[in-house]
Amino acid sequence: MLTTFIVNSPILASIVFTLITIATYQFASACQQKWQYIWLNPMLFTISILVPFLLLIDINYQEYSQTTEILNLLLEPAIVALGLPLYQQFKQIRFYWREMTAILVLGITVVITVSFLLAMWLIKAPEIAIALSLKSVTTPIGITLTEQLFGDSSITAFAILIAGLFGALLGPQWLSFIGINSAKAQGLAIGSASHVIGTAVLVRKSAEHGAYSSVALILSAILTALISPWLIPLLQQLFN
Amino acid sequence: MKNVLYTIFAISICLMLGKLANYLLAALPASLYGMIIYALFLQLNWFSPDKITKTNQWFIKHMGVCLVPAGMGIINHFQLIQQHGIALVVIIFSSTFILLTVIGYLSERYLITPDNIKSKTPTGSR
């Protein structure tokens, strides 16, 4: 009744579903700010509220994504806005951009290859393998890259989230355990593996940790964008 | 309000140039070209960093909401999660730890700070 009434008018549906999404997200952010738990990620929280809600009112994903298209369109300018942290870290990058690029290129190549091969071996679905191999970059860029390579971007979004949580919750302890203690090394490792979620946790340790983490987060996104369009098709050929 | 419009203008211009770069050069997605161009223009002071910082930080703080629709696609994948949930977690977990170890180890070993630079390392940025 109410649902059909709303869905029958495209503009009303857009307004209603976009507002519901924003409101739920705001609520989730407020909860995280209040309790400060890392695992209380606003995006995860919002999705776990909205999925049962959509199932309950019998709206399928296609209808939902059509009505919230505006949020998806804003992804592009949002990525451009990430130029500000990049600009703020220029000084940092200048000192050792060669070393950092080399290290990150190596790390990214290894992680894409390992995740792609593991996924093809265990799950045997190329669009899932593509999604999983692009999980070590910040979410908006990961989604854009996955769509470019015809992977499944909703899997990417989730994989990025889980990778972020793993790295943020266990990463610092793991790095200390294997004897990696400098702020630079910890920052770069967590920033490239766990992007924004990891960075948010690391800033609490020291400003230097946070600075290197954000450098790694942006630099590894750019490098992944450069590497993945030829590395992934190459890996795909192995399975043809 | 003026700064908000200024920021939107700056970002739009850079996104447009990014689209152009993507059309001419391919390689990177348009939005990433836009991001690099934006950072470059701020560095060159063609756009004033002071004017855009506040609005821009607000954008970054709230950009997560733009990712929700993409993540909602999981609604079509219940079967996949039922079938391969453990495999998915194992793949994500192991590759994340391999990446942490590789990058951590290499940077501990090869990023050596000369003393004269170390004291100048800028701090305080987020």
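What the table shows:
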item	result
Segment A:82-110, subset among the β-branched types (Val, Ile, Thr) and touching a residue at least 40 places away in the same chain (Cβ under 8 Å), residue nearest to residue A:156 (Cα to Cα)	A:108
Some residue of segment A:71-80 being within 23 Å of the chain's Cα centre (by Cα) and more than 8 Å from chain B (Cβ to nearest Cβ)	yes
So residue A:93, is it crowded, with 22+ Cβ neighbours inside 10 Å and more than 7 Å from every other protein chain (Cβ to nearest Cβ)	no
2 or more residues over 29 Å from residue B:69 (Cα atoms), assigned by TED's automatic domain parsing to the domain that holds residue A:227 and modelled with pLDDT of 90 or more: qualifying helices (runs of 4 or more DSSP H) within segment A:128-207	A:153-177, A:183-202
Residue within segment B:50-58 that is over 20 Å from the mean Cα position of the chain (by Cα), over 12 Å from residue A:77 (Cα atoms) and open to solvent by 20 Å² or more (accessible area, probe 1.4 Å) present	yes
Test: residue in segment A:203-222 that is farther than 16 Å from residue B:96 by Cα, of a type in the set (Phe, Trp, Tyr) and touching a helix residue (DSSP H, G or I) at 6+ places or on another chain (Cβ under 7 Å)	yes
Test: residue in segment A:130-150 that is under 18 Å from residue B:89 (Cα atoms), open to solvent by 40 Å² or more (accessible area, probe 1.4 Å) and among the acidic types (Asp, Glu)	no
First in segment A:24-51 and outside the structural domain of residue A:202 (by TED's automatic domain parsing), second anywhere and modelled with pLDDT of 90 or more and open to solvent by 50 Å² or more (accessible area, probe 1.4 Å), Cβ under 7 Å, 6 or more apart	A:24/A:49
Residue list for segment B:61-87, restricted to those being under 24 Å from the mean Cα position of the chain (by Cα) and within 7 Å of chain A (Cβ to nearest Cβ)	B:63, B:64, B:65, B:66, B:67, B:68, B:69, B:70, B:71, B:72, B:73, B:74
Single residue of segment A:75-85 satisfying the filter (hydrophobic (A, V, I, L, M, F, W, C) and open to solvent by 10 Å² or more (accessible area, probe 1.4 Å)) that is farthest from residue B:36 (Cα to Cα)	A:75
Output for segment A:165-192, where each listed residue is of a type in the set (A, V, I, L, M), open to solvent by 10 Å² or more (accessible area, probe 1.4 Å) and facing chain B (nearest Cβ under 7 Å)	A:178
Candidates A:6, A:47, A:20 - the one that is part of a helix (DSSP H, G or I) and open to solvent by 40 Å² or more (accessible area, probe 1.4 Å)	A:20
Residues that are at pLDDT 90 or above and surrounded by fewer than 22 Cβ atoms within 10 Å (Cβ to Cβ), drawn from segment B:16-29	B:16, B:17, B:19, B:20, B:21, B:22, B:23, B:24
Test for residue A:59: is it more than 8 Å from chain B (Cβ to nearest Cβ), outside any helix (DSSP H, G or I), touching a residue at least 24 places away in the same chain (Cβ under 8 Å) and among the hydrophobic types (A, V, I, L, M, F, W, C)	yes
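The values are calculated or read from the model by the stated rules, or taken from the named source; none is laboratory data. These figures come from a predicted structure and were not determined experimentally. Positions of Cβ are generated from backbone atoms using ideal geometry, with glycine treated the same way; all protein chains shown enter the neighbour counts. With ligands, DNA and RNA removed, areas are computed over all heavy atoms of the protein, side chains included. Shrake-Rupley method; radii C 1.70, N 1.55, O 1.52, S 1.80 Å.
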